[in-house]
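Here is the structure we will look at.
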Amino acid sequence: MPVWTTSAPPFYKNGFVVSCERTRQAVVIDPGDDVDQQLAIVRREAVTVTMILLTHAHLDHVTGVAAAKAALGVDVWLHRDDLFLYEGAVQQGRMFGLDVQPQPRPDRFYAEGETLTFGDYVVDVRHTPGHCPGGVCLAIGRAGQQARELFVGDTLFAGSIGRTDLPGGDLETLLGSIRSELFVYPDSTVVHSGHGPDTTIGEERRTNPFLQGH
Ligand SMILES: [Zn+2]
Ligand SMILES: [Zn+2]
């Protein structure tokens with residue numbers, strides 16, 4: 001599954017472009033300050049983006065939504081429970097001393113257990129609250145096959161977990177989401193986190209210090 005990872009200052013949040021080799025349809029995940037890199041990949045690879053998917057609505061994951069939507073003209077998807085964060089992006093920016101432009105309203109809210117499609121691939125949307133109320137895991141793989149790669153936002157990192165001290169965060173909820181929504185995947189499952197390097201479910205199950213004994 002072709003995956004390109006992008007990142008830019010000041011947050012160095014990971015954004016992604018994921019495409020279907022056969023149809024060249026693609027999705028853009030979490031356009032932030034790296035949105036120009038994502039749009040350059042879309043042009044270079046000559047893929048057709050069909051959806052802009054948000055893992056959650058913290059500032060670093062959404063500052064590029066306006067630019068992505070203007071360039072691509074497709075729907076922006078978000079979990080409804082993060083709408084208050086999304087609409088507060090300008091205020092979130094002020095907390096960091098950043099001048100953030102308001103972003104266009106999301107076009108669609110993920111439904112419970114929703115599966116989206118692009119090309120030969122499906123996106124299983126799993127609600128993973130805890131880091132924030134409307135966080136989701138986007139589990140992407142070939143239609144008709146079991147294997148998935150997980151785009152987990154800030155729920156799980158290599159060797160760490162998402163912070164829970166921001167509005168709507170809760171540690172026990174986060175640990176529960178990781179257990180019930182992420183650790184149901186096989187050990188070989190690749191995890192693309194919102195910050196830092198990729199990892200696997202098996203590596204985190206074995207070694208993540210926040211998840212031992214849970
Ligand atoms: Zn976050
Ligand atoms: Zn983040």
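The values are calculated or read from the model by the stated rules, or taken from the named source; none is laboratory data. Being a predicted model, the structure only gives us computed values, none of them experimental. We place every Cβ from the backbone using ideal geometry, glycine too, and count neighbours over all the protein chains shown. Just the protein is used for accessible areas: all its heavy atoms, side chains included, with ligands, DNA and RNA removed. Shrake-Rupley method; radii C 1.70, N 1.55, O 1.52, S 1.80 Å.
Couple of notes before you dig in:
- In a residue-by-residue description of the range 87-100, the property of being open to solvent by 10 Å² or more (accessible area, probe 1.4 Å), acidic (Asp, Glu) and out of contact with any strand residue (DSSP E or B) (no Cβ under 8 Å at 6 or more places or on another chain) applies to at least one position.
- Some residue of the range 9-17 being surrounded by 21 or more Cβ atoms within 10 Å (Cβ to Cβ), hydrophobic (A, V, I, L, M, F, W, C), in a strand (DSSP E or B) and touching a residue at least 24 places away in the same chain (Cβ under 8 Å): yes
- When the range 32-56 is filtered for residues that are within 11 Å of the chain's Cα centre (by Cα) and more than 10 Å from ligand 2 (Cβ to nearest atom), the ones remaining, listed by number, are ILE52, LEU53, LEU54.
- If you go through the range 21-48 and keep only what is surrounded by fewer than 21 Cβ atoms within 10 Å (Cβ to Cβ) and closer than 17 Å to ARG142 by Cα, you end up with GLU21, ARG22, THR23, ARG24, GLN25.
- So GLN101, is it out of contact with any Phe, Trp or Tyr (no Cβ under 7 Å at 6 or more places or on another chain), of a type in the set (S, T, N, Q), closer than 25 Å to PHE11 by Cα and part of a helix (DSSP H, G or I): no
- Within the range 49-60, considering residues that are of a type outside the set (Val, Ile, Thr) and outside any helix (DSSP H, G or I), the one surrounded by the fewest Cβ atoms within 10 Å (Cβ to Cβ): MET51
- Identity of the residue in the range 147-184, hydroxyl-bearing (Ser, Thr, Tyr) and away from ligand 1 (no atom under 11 Å from the Cβ), that ends up surrounded by the fewest Cβ atoms within 10 Å (Cβ to Cβ): SER180
- Matching residues, the range 61-78, being within 16 Å of ligand 2 (Cβ to nearest atom) and open to solvent by 20 Å² or more (accessible area, probe 1.4 Å): THR63
- Failed item in (1) exposed (fewer than 15 other Cβ atoms within 10 Å of the Cβ); (2) within 12 Å of ligand 1 (Cβ to nearest atom); (3) hydroxyl-bearing (Ser, Thr, Tyr), with THR115 passing the rest: (2)
- Annotation note: Cβ proximity below 8 Å between a residue of the range 181-200 that is within 16 Å of GLY141 (Cα to Cα) and a residue that is within 15 Å of ligand 2 (Cβ to nearest atom) and at pLDDT below 95 (sequence gap 6+ or interchain) occurs for no pair.
- Test: residue in the range 193-211 that is at pLDDT below 95 and either within 16 Å of ligand 2 (Cβ to nearest atom) or out of contact with any strand residue (DSSP E or B) (no Cβ under 6 Å at 6 or more places or on another chain) (or both): yes
- Of residues in the range 115-156 being among the basic types (Lys, Arg) and outside any loop (DSSP other than H, G, I, E, B), the one nearest to the chain's Cα centre (by Cα): ARG126
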